[in-house]
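Accompanying notes for the structure given below.
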Amino acid sequence: MDTSSASFGRLLPGMVGMALVGSSVTVSHTLVDAPLFTTQAVRYAAATAIVLVMARLAGARPVWPRGREWLWLAGIAVTGLVLFNVAVVRGVEHAEPAVIAVAVACVPLVLGVVGPVLERRRPSRQVLWAAPVVMAGAVLVEGTGRTDAVGLAWAALALGCEAAFTLLAVPVLRRHSPWGVSLHAMWLAGVLLAVLGVTSEGPSAVRELSGAQWAAVGHLALMVTAVAFVLWYSTVRAVGAGRAGLLTGIAPLAAAAAGAVSGTGMPSPSVWLGIAVLILGLVGGLRPRGLPAGEGTAVEHSPAAGSPPASPPAPARAGSAGAGGGGLPHDG
């Protein structure tokens with residue numbers, strides 16, 4: 001396999017995952033009136049069971065966390081899954097949804113700078129150039145909106161939580177693999193959300209879900225959580241957090257396409273411009289680089305990781321990877 005094909009193969013899982021996330025926006029809107037914590041608890045509980053089955057079929061063997069790994073995995077659950085949902089819900093009470101989406105669109109730059117630091121290598125100049133382009137394209141696609149100071153604070157928290165979802169996984173991806181990181185983050189988040197749901201919404205809140213909402217939860221649990229998490233973390237492990245972060249620009253593209261297909265109308269000229277800018281940033285940032293093997297590429301070649309791990313699960317085996325119901329890997 002040539003270099004360009006190998007590079008594309010490592011990016012493909014994350015690309016598919018982001019497309020799944022972006023296309024789930026209309027499904028997520030079904031849950032706007034559902035009890036937040038209870039619904040998300042059901043979603044992550046179901047996703048945990050699905051990943052267990054998928055891992056067994058794929059021959060993967062998730063291991064139990066030990067020592068400091070509990071902190072990293074719990075951090076993913078608390079920030080990337082639980083707090084992110086709270087930030088989005090509380091944020092839209094003070095800001096239009098586009099404001100939260102714009103904040104989350106800054107994730108590629110955060111991952112491009114902080115990710116390589118955690119992986120003990122220098123940030124890629126190619127990624128640092130492409131990240132602002134991807135961000136600008138995402139802003140054009142998502143649009144802007146009104147907000148106040150409180151809304152900006154919630155948007156900033158959503159950005160931090162979105163970045164944490166990927167960054168906190170870097171130290172544990174080698175030992176736990178995408179399967180293990182996904183599994184442990186899901187069940188930990190499910191427990192936390194269940195406690196929040198029982199205490200704030202009541203034990204009977206689950207009975208408030210309609211048939212359409214149950215179907216939406218099932219779709220999110222399978223495609224946008226179980227499938228998407230494994231695919232996203234596979235790409236993060238293969239190419240590094242910085243380069244993988246550029247793929248978050250695919251979610252707005254998929255959302256725009258899903259909106260057009262579902263009958264909400266064709267994109268406006270500004271959205272078309274944003275799509276063009278996004279594609280430019282993605283092509284520029286993800287094209288194969290003429291670097292020596294191991295220099296600023298995959299996580300497994302970093303000094304912190306030691307010898308290369310096994311190749312990430314192929315899309316056919318894993319099948320996986322928002323602001324407020326449709327933006328990034330965990331989708332809110």
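Descriptive notes on the structure:
- Once the convex hull of all Cα atoms in the range 123-194 is built, its volume per residue stands at 153 Å³.
- Each 10 Å bin from zero holds the following percent of Cα-Cα pairs in the range 208-252: 25, 39, 22, 13, 1.
- Apolar share of the accessible surface for the range 30-72: 62 percent from carbon plus sulfur atoms, 1.4 Å probe.
- Computed from the alpha carbon atoms alone, the convex hull of the range 142-263 holds 163 Å³ per residue.
- FRET efficiency estimate (nearest 0.05) - Cβ-Cβ, residue 66 to residue 272, R0 35 angstrom: 0.10
- Full extension of the segment from residue 57 to residue 33, taken as 0.36 nm per residue of separation minus the current Cα-Cα distance, would add 5.1 nm.
- Surrounding net charge for residue 154, when Lys and Arg each add one and Asp and Glu each subtract one, Cβ distance under 9 Å: 0
- In plain terms, the chain from residue 195 to residue 146 could stretch by 14.3 nm, reckoned as 0.36 nm per residue minus the Cα-Cα distance.
- Across the alpha-carbon atoms of the range 2-85, the computed radius of gyration and Dmax are 16.5, 50 angstrom.
- In the full protein context, the range 1-157 carries 48 Å² of accessible surface per residue, based on a 1.4 Å probe and ignoring ligands, DNA and RNA.
- A simple spin-label model places pseudo-atoms 7 Å from Cα toward Cβ; at residue 117 and residue 261 they are separated by 3.9 nm.
- Other-chain or far-sequence residues with amide H under 5 Å of residue 30's (modelled H): none
- A simple rule links phi to the HN-Hα coupling: the Karplus curve 6.51 cos²θ - 1.76 cosθ + 1.60 with θ = phi - 60°, which for the range 26-36 gives 5, 5, 4, 4, 5, 9, 4, 8, 7, x, 4 Hz, with x for Gly and Pro.
The values are calculated or read from the model by the stated rules, or taken from the named source; none is laboratory data. Keep in mind it's a predicted model, so treat the numbers as computed, not measured. Cβ atoms come from the backbone with ideal geometry, glycine included; neighbour counts cover every protein chain shown. The area values use the complete protein model at the heavy-atom level, side chains included, leaving out ligands, DNA and RNA. Shrake-Rupley method; radii C 1.70, N 1.55, O 1.52, S 1.80 Å.
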